[in-house]
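Q: This is the structure I have questions about; it appears just below.
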Amino acid sequence: MTGVLEAALRARLDRGGKCLVPYLTGGLGNDWLETVQAAAIAGADAVEIGIPFSDPVMDGPTIQLANDRALAAGVTPQQVFDRLHRADIGVPTVVMTYGNIAYRMGYQRFAASLARSTVAGAILPDIPLEELGPWATAADAEAIETVLLGAPTASDERLARIAQRSRGFVYAVGLLGITGVREQLAASAKVIAKRLKAVTDLPVLVGVGVGTPRQAVEVCEEADGVVVGSAMVQRMLDGAGPDGVAELVAEFRQALDESTNHC
Amino acid sequence: MAVSAQEKTTHPYGNTSVMGDPSESGRFGEFGGMFVPETLVPACQELDRAFRSAWADPVFRDELYLLFRDYAGRPSPITICENLSAELGCRILLKREDLNHTGSHKINSVLGQALLAKRMGKTRLVAETGAGQHGVATATAAALFDMECIVYMGEVDIRRQELNVFRMKLLGSEVRAAQSGSQTLKDAVNEAMRHWVGAVESTHYCLGSVMGPHPYPWMVREFHRVIGVEASQQCASLLGGAPDVVVACVGGGSNAAGIFSGFVDTEAALVGVEPAGGAALGRAVPGVVHGSHSYLMQDEWGQVLEAHSISAGLDYPGVGPEHAHLAATKRARYEPISDAQVVEAFQLLARTEGIIPALEPAHALGWIMQAKDELAGQTVLLNLSGRGDKDVAQMMEHLA
């Protein structure tokens, strides 16, 4: 059965468009939830919400700082869930955090909390395919779509296995490195999108190193869409508020729509 | 390097480890595994294959053995401490890893890993360091093997271990400050892993302890097993068998894993000593961080807590998964010791035996002092994992 995250992304693709999923840090500032809502209105197909973790090894300086600030302000996973529970966002949400946050709460309780908060999916980047079993069982039981990452270091055979177990979409890691905005789109971004497209029918979204609308358009020559994290989070850190973040989301939306002549 | 038949027969490594190998999924009991970002999974699997192949290859083992003997100065001796024994009422033996080249046990694993990295065609090493001992050892191996080397060190540790920072630079390595979080060992591990994610094709992550994703906990223990193998033979000739107690300090747990591996199949009690402010095993709360499922100091939500210890080398909130397994199965016990007791032990060994220990193994001696009634009349083997030169400036200030 197609989950709500996958369905929302497919709806965009069926209309001939490209998918846009901004990443925003949960609990960063008092208006983070309003920022999520504003991003949805500005044209996000889904919103990825980071649950802050003390040791985010896949993240670069921008998201690290966002994590540190949110944690210093005392945010907990439960607070993020509680606010999402009462919120009307209008597009599916997917949380991104690290394995220990889910493990500490207990995989079943964590998955149930997501479901109660009408979160559609989860990304746990340090729980790779080999370690996925216990989490996947808990997530599947609550119909939480577990998005897996496919990286340039994987063989085609491994990418196929990852894509087969991924739900919602496949997160193509655009470069060898951690999250953060780069001057140029890495050559590896289009390559990994193409390799994943060759082994799956799921939407393939490229993240890590996609920081400008131009880069998003470029990578979408191969990919079905993009995840944009650090560029969005930088705006949150700069105090741009919901409007400032929505403005950036709209810029990405417009660039992607123009590239596909899609309105 | 050519090895004569005579040398081969006196090879200090046995072929099998009494500690046992981890399962296919890299687990010791329920602990271990490979919890890393997808980008690193193929690299860890490649390392696993390369290590298995190298470790089964007599040529690799002979090369490493010669490096141990002719470069690191192995075997390290055992010193029987008459004065200290008289003072504490138990017979204390020191396994002198402090006498190795670079001043600690860390050289064992680093030589093994650098040799393996070369064999894998890697040209660069990246490492994390706390007290600087592992960083210095890695920088040393990088110089010897003509490899580029980057060492991450917490900003706080850079300040308290400036001599080791200078040593690493002298050896041709680049030292980068880890400025996030507590700016200590945990954060240096984060930065080293992030660096590895970006440079995984050319670079070997020379992890400094029996922690991290599979195969590191196993591989690093295997490279340190030489400590236990030597000690077991030395105790056999000195004592006619195993000592009553084997004690070692535990941060990540590499020196303890090395010496325990020589005695885990004997009657000897195995005791790991943790800093009271960094007692992951003492608290026994399981978690998943830095690549493995093990015990971890964390809050109720799973945020990793900062460890606090007078010794930069033990300032780590996690612990190697094999120690979690040894604790859970009760084959080893783990005891906390306070900074004040460590300082006392540091001074006692200097005064009674003329040996200035590193602050890390001073934890192990601190426990012997605390437990001396329980240990009365027993024979205790302490792994003196490093020498105290690096800590002298810090202690001078502390004791002023």
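The values are calculated or read from the model by the stated rules, or taken from the named source; none is laboratory data. Since this is a predicted model, take the numbers as computed values, not measurements. Neighbour counts are summed over all protein chains in view; Cβ atoms, including those assigned to glycine, are modelled from backbone coordinates with ideal geometry.
Q: Quick check on region B:27-39: of everything there that is farther than 20 Å from residue A:150 by Cβ and either surrounded by 19 or more Cβ atoms within 10 Å (Cβ to Cβ) or touching a Leu at 6+ places or on another chain (Cβ under 6 Å) (or both), which residue is nearest to the other protein chains (Cβ to nearest Cβ)? Explain how you work it out, then say what you get.
A: Within region B:27-39, the subset farther than 20 Å from residue A:150 by Cβ is B:27-33.
Next, only the ones that are either surrounded by 19 or more Cβ atoms within 10 Å (Cβ to Cβ) or touching a Leu at 6+ places or on another chain (Cβ under 6 Å) (or both) stay: B:27-28, B:31-33.
On the way: B:27: 10, B:28: 15, B:31: 13, B:32: 10, B:33: 6 Å.
Per the stated criteria, the residue is B:33.
Q: Do any residues in region B:120-137 that are closer than 16 Å to residue B:103 by Cβ have Cβ atoms under 6 Å from those of residues that are basic (Lys, Arg) and surrounded by fewer than 24 Cβ atoms within 10 Å (Cβ to Cβ), where the two are at least six apart or on different chains, and which pairs are they?
A: Here the result reads B:136/B:167, each pair linking region B:120-137 to a residue that is basic (Lys, Arg) and surrounded by fewer than 24 Cβ atoms within 10 Å (Cβ to Cβ).
Q: Restricting attention to region A:80-98, which residues are buried (at least 24 other Cβ atoms within 10 Å of the Cβ) and assigned to a helix (DSSP H, G or I)?
A: Start the filter on region A:80-98 by keeping residues that are buried (at least 24 other Cβ atoms within 10 Å of the Cβ), which leaves A:80, A:92-98.
Once the filter is applied, which keeps residues that are buried (at least 24 other Cβ atoms within 10 Å of the Cβ) and assigned to a helix (DSSP H, G or I), region A:80-98 yields only A:80.
Q: Could you pull out the residue among A:71, A:28, A:5, A:33 that is more than 17 Å from the chain's Cα centre (by Cα), more than 19 Å from residue A:255 (Cβ to Cβ) and hydrophobic (A, V, I, L, M, F, W, C)?
A: Working: A:28 fails: more than 17 Å from the chain's Cα centre (by Cα); A:5 fails: more than 17 Å from the chain's Cα centre (by Cα); A:33 fails: more than 17 Å from the chain's Cα centre (by Cα).
Answer to the selection: A:71.
Per-residue answers, yes or no, for (1) touching a helix residue (DSSP H, G or I) at 6+ places or on another chain (Cβ under 6 Å); (2) surrounded by fewer than 22 Cβ atoms within 10 Å (Cβ to Cβ); (3) part of a loop (DSSP other than H, G, I, E, B); (4) of a type outside the set (Ser, Thr, Tyr):
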{"residue": "B:41", "(1), (2), (3), (4)": "no, no, no, yes"}
{"residue": "B:45", "(1), (2), (3), (4)": "no, yes, no, yes"}
{"residue": "B:59", "(1), (2), (3), (4)": "no, yes, no, yes"}
{"residue": "B:62", "(1), (2), (3), (4)": "no, yes, no, yes"}
{"residue": "B:84", "(1), (2), (3), (4)": "yes, no, no, yes"}
{"residue": "B:92", "(1), (2), (3), (4)": "yes, no, no, yes"}
{"residue": "B:95", "(1), (2), (3), (4)": "yes, no, no, yes"}
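Q: Can you go through B:193, B:168 and tell me which one is more than 14 Å from chain A (Cβ to nearest Cβ) and crowded, with 21+ Cβ neighbours inside 10 Å?
A: Working: B:193 fails: more than 14 Å from chain A (Cβ to nearest Cβ).
After ruling out the rest, the residue left standing is B:168.
Q: Oh, and also: Suppose the filter is under 18 Å from residue A:33 (Cα atoms) and either acidic (Asp, Glu) or not in a helix (DSSP H, G or I) (or both); does residue A:247 pass it? Step through it out loud before you land on a result.
A: Numbers: under 18 Å from residue A:33 (Cα atoms): yes; either acidic (Asp, Glu) or not in a helix (DSSP H, G or I) (or both): yes.
Against the criterion (under 18 Å from residue A:33 (Cα atoms) and either acidic (Asp, Glu) or not in a helix (DSSP H, G or I) (or both)), residue A:247 qualifies.
Q: What helices (runs of 4 or more DSSP H) completely inside region B:339-400 contain at least 1 residues that are at pLDDT below 95?
A: Working: elements: B:339-353, B:359-370, B:372-375, B:392-399.
Where helices (runs of 4 or more DSSP H) fall fully within region B:339-400 and carry at least 1 residues being at pLDDT below 95, they are B:392-399.
Q: In region A:41-57, how many residues are within 14 Å of chain B (Cβ to nearest Cβ), over 13 Å from the mean Cα position of the chain (by Cα) and aliphatic (A, V, I, L, M)?
A: Result for region A:41-57: 1.
Q: Could you please find all residues in region B:293-320 being away from chain A (no Cβ under 13 Å) and either surrounded by fewer than 19 Cβ atoms within 10 Å (Cβ to Cβ) or at pLDDT 95 or above (or both)?
A: First pass over region B:293-320, keeping only residues away from chain A (no Cβ under 13 Å): B:308-315, B:319-320.
Answer for region B:293-320, where residues must be away from chain A (no Cβ under 13 Å) and either surrounded by fewer than 19 Cβ atoms within 10 Å (Cβ to Cβ) or at pLDDT 95 or above (or both): B:308, B:319, B:320.
Q: I'm told residue A:25 meets every condition in (1) buried (at least 24 other Cβ atoms within 10 Å of the Cβ); (2) farther than 30 Å from residue B:32 by Cα except one. Can you identify the failing condition by its number?
A: Tallying (1) buried (at least 24 other Cβ atoms within 10 Å of the Cβ); (2) farther than 30 Å from residue B:32 by Cα, residue A:25 fails exactly one: (2).
Q: In this structure, is residue A:122 surrounded by fewer than 16 Cβ atoms within 10 Å (Cβ to Cβ), touching a residue at least 12 places away in the same chain (Cβ under 8 Å) and not in a helix (DSSP H, G or I)? Steps first, answer last, please.
A: Numbers: surrounded by fewer than 16 Cβ atoms within 10 Å (Cβ to Cβ): no; touching a residue at least 12 places away in the same chain (Cβ under 8 Å): yes; not in a helix (DSSP H, G or I): yes.
No; evaluated as a whole, the condition is false for this residue.
Per-residue answers, yes or no, for (1) outside any loop (DSSP other than H, G, I, E, B); (2) away from chain B (no Cβ under 11 Å); (3) surrounded by fewer than 24 Cβ atoms within 10 Å (Cβ to Cβ); (4) modelled with pLDDT of 95 or more:
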{"position": "A:39", "(1), (2), (3), (4)": "yes, yes, no, yes"}
{"position": "A:78", "(1), (2), (3), (4)": "yes, no, yes, yes"}
{"position": "A:100", "(1), (2), (3), (4)": "yes, no, no, yes"}
{"position": "A:108", "(1), (2), (3), (4)": "yes, yes, yes, yes"}
{"position": "A:111", "(1), (2), (3), (4)": "yes, yes, no, yes"}
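Q: Of the conditions (1) within 13 Å of chain A (Cβ to nearest Cβ); (2) buried (at least 21 other Cβ atoms within 10 Å of the Cβ); (3) more than 28 Å from residue B:396 (Cα to Cα); (4) not aliphatic (A, V, I, L, M), residue B:216 fails just one. Which one is it?
A: (1)
Q: Would you check if residue B:334 is touching a Gly at 6+ places or on another chain (Cβ under 6 Å), more than 14 Å from chain A (Cβ to nearest Cβ) and among the aromatic types (Phe, Trp, Tyr)?
A: On the way: touching a Gly at 6+ places or on another chain (Cβ under 6 Å): yes; more than 14 Å from chain A (Cβ to nearest Cβ): yes; among the aromatic types (Phe, Trp, Tyr): yes.
When the stated conditions are applied, residue B:334 passes them.
Q: Please find, within region A:80-98, the residue that is modelled with the lowest pLDDT out of those that are charged (D, E, K, R) and more than 25 Å from residue B:298 (Cβ to Cβ). If you could, list the steps in order and put the result at the bottom.
A: Initial filter on region A:80-98 (charged (D, E, K, R)): A:82-83, A:86, A:88.
From what's left, more than 25 Å from residue B:298 (Cβ to Cβ): A:86, A:88.
On the way: A:86: 82, A:88: 93.
Out of the qualifying residues, it is A:86.
Q: Sort out which residues of region A:156-214 are within 12 Å of chain B (Cβ to nearest Cβ), out of contact with any helix residue (DSSP H, G or I) (no Cβ under 6 Å at 6 or more places or on another chain) and of a type in the set (Ser, Thr, Tyr), and write them in order of number.
A: A:166, A:171, A:188
Q: OK, next. So which helices (runs of 4 or more DSSP H) stay within region B:126-206 end to end and still have 2 or more residues that are touching a Gly at 6+ places or on another chain (Cβ under 8 Å) and not aliphatic (A, V, I, L, M)? Outline the logic, then answer.
A: Values: elements: B:133-144, B:155-160, B:162-170, B:185-199.
In region B:126-206, B:133-144, B:162-170, B:185-199 are the helices (runs of 4 or more DSSP H) which contain 2 or more residues that are touching a Gly at 6+ places or on another chain (Cβ under 8 Å) and not aliphatic (A, V, I, L, M).
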